[in-house]
Amino acid sequence: RPIRLSTANTYSYQKVDLPFQEYVDQLLEPQDLDSLGSETLYFFGDNNFTEWGSLFQRYRPPPFRIPGTTGAYSFGIAGSGSGVPFHWHGPGFSEVIFGRKRWFLYPPEKTPEFHPNRTTLSWLLDTYPFLPSWERPMECTIHPGEVLYFPDRWWHATLNLDTSVFISTFLG
């Protein structure tokens, strides 16, 4: 079955369609340290609800709600070291089904220091160690069955520490 992949950079999202088996066999591997975000294909969002319908029918979302909003699901499968670099959008939450996902968050008034086409892994290795403690983000690692809420307009980046399966719910 075909799936749609997105590039993992902050300000542009090229879309590439390919068979799910090809993604698993060739692209679901540890992140290459030298890859740019525009070269890193990531399976997240743009889910085909017909083909993945049985998954979403069985999924029991966490009981969190914001009055007046409805949730839209995005399902993802990603290799270790991959992730999405800093960006922001409306509120939501993310749940890890398998693997571990590290999150880095800054409030809306504090723009992180990052290059929009560098991967989260390169940021973690090249920028993060040199940030003074007061410039570092809030961070946590979520494990299977754990959920992280991300508020409206908060900057965030993710790093999959293992091969990970996850579902995010965007509230709007």
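Among the residues making up region 102-130, those that are assigned to a strand (DSSP E or B) and in contact with a helix residue (DSSP H, G or I) (Cβ under 9 Å, 6 or more places away or on another chain) are 102, 104, 118.
When residues in region 80-92 are screened for being crowded, with 19+ Cβ neighbours inside 10 Å and either within 11 Å of the chain's Cα centre (by Cα) or without any contact (Cβ under 8 Å) to a residue 12 or more places away in the chain (or both), 5 of them pass.
In the set (1) open to solvent by 10 Å² or more (accessible area, probe 1.4 Å); (2) among the small types (Gly, Ala, Ser); (3) in contact (Cβ under 8 Å) with a residue 12 or more places away in the chain, residue 76 fails one condition alone, (1).
Residues that are open to solvent by 50 Å² or more (accessible area, probe 1.4 Å) and of a type in the set (A, V, I, L, M) within region 93-124 comprise just one, 97. When residues in region 118-172 are screened for being more than 14 Å from the chain's Cα centre (by Cα) and aliphatic (A, V, I, L, M), 5 of them pass. Going residue by residue through region 55-72, is there one that turns out to be open to solvent by 50 Å² or more (accessible area, probe 1.4 Å) and farther than 27 Å from residue 151 by Cα? No - not one qualifying residue is present in region 55-72.
Only one entry in 170, 166, 150, 104 is touching an Asp or Glu at 6+ places or on another chain (Cβ under 7 Å), under 17 Å from residue 45 (Cα atoms) and either without any contact (Cβ under 8 Å) to a residue 60 or more places away in the chain or among the aromatic types (Phe, Trp, Tyr) (or both), namely 166.
Annotation note: Cβ proximity below 9 Å between a residue of region 115-139 that is more than 18 Å from residue 161 (Cα to Cα) and a residue that is small (Gly, Ala, Ser) (sequence gap 6+ or interchain) occurs for 115/37; 115/122; 116/12; 116/37; 117/12; 117/37; 117/38. Looking at region 135-154, is at least one residue modelled with pLDDT of 95 or more, over 26 Å from residue 63 (Cα atoms) and not basic (Lys, Arg)? Looking for residues that are modelled with pLDDT of 95 or more, over 26 Å from residue 63 (Cα atoms) and not basic (Lys, Arg), one finds at least one in region 135-154, hence yes. Only residues that are among the hydrophobic types (A, V, I, L, M, F, W, C) and either touching a Leu at 6+ places or on another chain (Cβ under 8 Å) or over 25 Å from residue 35 (Cα atoms) (or both) were counted in region 87-118, giving 4.
Only one of the listed residues (73, 59) is at pLDDT below 95 and touching a Ser or Thr at 6+ places or on another chain (Cβ under 7 Å). That residue is 73.
Restricting attention to region 128-172, the residues that are among the hydroxyl-bearing types (Ser, Thr, Tyr) and surrounded by 15 or more Cβ atoms within 10 Å (Cβ to Cβ) add up to 6.
The values are calculated or read from the model by the stated rules, or taken from the named source; none is laboratory data. Please read all numbers here as calculations on a predicted model, not as lab measurements. In this analysis, Cβ positions are derived from the backbone assuming ideal geometry, glycine residues included, and neighbour counts consider all displayed protein chains. Accessible surface areas use protein heavy atoms only, side chains included; no ligands, DNA or RNA. Shrake-Rupley method; radii C 1.70, N 1.55, O 1.52, S 1.80 Å.
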